[in-house]
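Before any comments, here is the structure.
The values are calculated or read from the model by the stated rules, or taken from the named source; none is laboratory data. Note that the coordinates shown come from a computational prediction; the quantities given were computed from them, not determined experimentally. Backbone-built Cβ (ideal geometry, glycine too); neighbour counts: all protein chains shown.
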Amino acid sequence: MDLESIVKEIRKKVLIMCYHAGGGHVAPSFSCVELLIALYFKILRIDKNNYNNDDRDRFILSKGHASALLYAILAEKGFIDKNILNTFCQKDSILGGHPEKHLVHGVEMSTGSLGHGLSYGAGIALAGKINKKSYRVFALLSDGECQEGSVWEAALFASHHKLDHLIAIVDHNKLQSLDKVDNILTLNPFVEKWQSFGWEVREINGHNMKEIIDVLEKIPFSKNKPSVVIAHTIKGKGVSFMENNPIWHYRIPHTKEEWEIACKELGIDKSEFREVFK
Ligand SMILES: Cc1ncc(C[n+]2csc(CCOP(=O)(O)OP(=O)(O)O)c2C)c(N)n1
C-alpha cells in the first residue's frame, strides 16, 4: 500500500476504534496521522522483532491522548494484534486512553500527562551521545503542551548538551482542549522561541507527506543542535465538521447525521457501525 492509502486506512480505523470505545480523541489524532505514518513507514529505524535492540530509534508520543492513532499504526506495523484494536478503552484492554509502555509492545514511553516527552527524550538522547550510539529520538508534542514549563527546560537542556540526535515535532494545530492556543496562552513568536533556545527550526505543512518526509530525511538540520519541526496541521483533519472546531477535542460523533457524514468523508463502509445505522 502507498503511504496515502495507509493514511486513509488509519483514519478510518481510529474512528471505528473510538466508536467501539464510545469515546476517544479523534480530532487530536487526525491532526497528526500523516506525521506518524511518515515516521513509522519511512523514517524510524525500528523492528518489531528486535525492539529491545539498544540501537533502535525512539519515538515518543508525548501527546499521549492520541493513543488510538498510535495503536492503529502499531497494529499495522505488526507490533500488536489488529484484532485487539476494537477493545480500545474497554474493560481489561491493554489499549488505554493513554499509551502504557509496559503493556503495549512498541510503546516507548507511557504518556498522557502532557509536558514530559521531550525531557524523557532528551535524557535518552544524552545517554546515546555518551555511549556513542547512532540512534535518533523523536518526540511528538502538541502545541498546547508547549505551554508547559517542562518543555522549555528540556529545550534548554538539549541545546546545552548539543543533542543533535533529538528531534521534536510539534503538531501545531493551533487548538487545545477548549479554545485556540492563542486565546489561552499564546506561544508566539513560536519559531523564534525555539531558535532562541538553541534549536534549529523547520516549518512544514503537516498533512503533506512529501514535505514531511523531505524534512525528516534532513535531520539533524545542523550539527550539534537539536532539531524541531513545526508542523502546521488541522485538528480533526478529514472530517469537515470536526476540522478547526474545539468542541471535537474529545467528542466522537453522536447523531446519526454526524456518523453518516464522517463515514462518507472517510470512506468507511457503514456496516462497521451497525448499531448506529439500523
Ligand atoms: C499535564 C496535563 N494537563 C492537562 C491534561 C489534560 N489535557 C488533555 S489534552 C489537553 C490539551 C489538548 O491540547 P493540545 O495540547 O494542543 O493537543 P491537541 O490540540 O493536539 O489535541 C489537555 C489540557 C493533560 N493530559 N496533561
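Please verify whether the stretch 3-21 includes one or more residues that are without any contact (Cβ under 8 Å) to a residue 12 or more places away in the chain, more than 14 Å from the ligand (Cβ to nearest atom), in a loop (DSSP other than H, G, I, E, B) and not basic (Lys, Arg).
Keep residues of the stretch 3-21 that are without any contact (Cβ under 8 Å) to a residue 12 or more places away in the chain, which gives 5.
Filter once more, so that each one left must be more than 14 Å from the ligand (Cβ to nearest atom): 5.
Filter once more, so that each one left must be in a loop (DSSP other than H, G, I, E, B): none.
No.
Is it the case that Gly123 is outside any strand (DSSP E or B), under 21 Å from the mean Cα position of the chain (by Cα) and at pLDDT 95 or above? When the stated conditions are applied, Gly123 passes them. Screening the stretch 142-208 for helices (runs of 4 or more DSSP H) wholly inside it with 3 or more residues that are touching a residue at least 12 places away in the same chain (Cβ under 8 Å) returns the ranges 149-160, 190-196.
Does the stretch 235-250 hold any residues that are part of a loop (DSSP other than H, G, I, E, B) and at pLDDT 95 or above, and which are they? Step through it out loud before you land on a result.
So in the stretch 235-250, the residues part of a loop (DSSP other than H, G, I, E, B) come out as 235-245, 249-250.
Result: Lys235, Gly236, Lys237, Gly238, Val239, Ser240, Phe241, Met242, Glu243, Asn244, Asn245, His249.
One residue stands out among those in the stretch 77-117 that are among the charged types (D, E, K, R), in a loop (DSSP other than H, G, I, E, B) and over 19 Å from Ile169 (Cβ atoms): the one that is farthest from the ligand (Cβ to nearest atom), which is Asp81.
Listed conditions (1) assigned to a helix (DSSP H, G or I); (2) under 16 Å from the mean Cα position of the chain (by Cα) are all met by Phe59, apart from (1). Report whether or not Tyr51 is modelled with pLDDT under 95, farther than 26 Å from Val239 by Cα and of a type in the set (Ser, Thr, Tyr). Criteria met by Tyr51.
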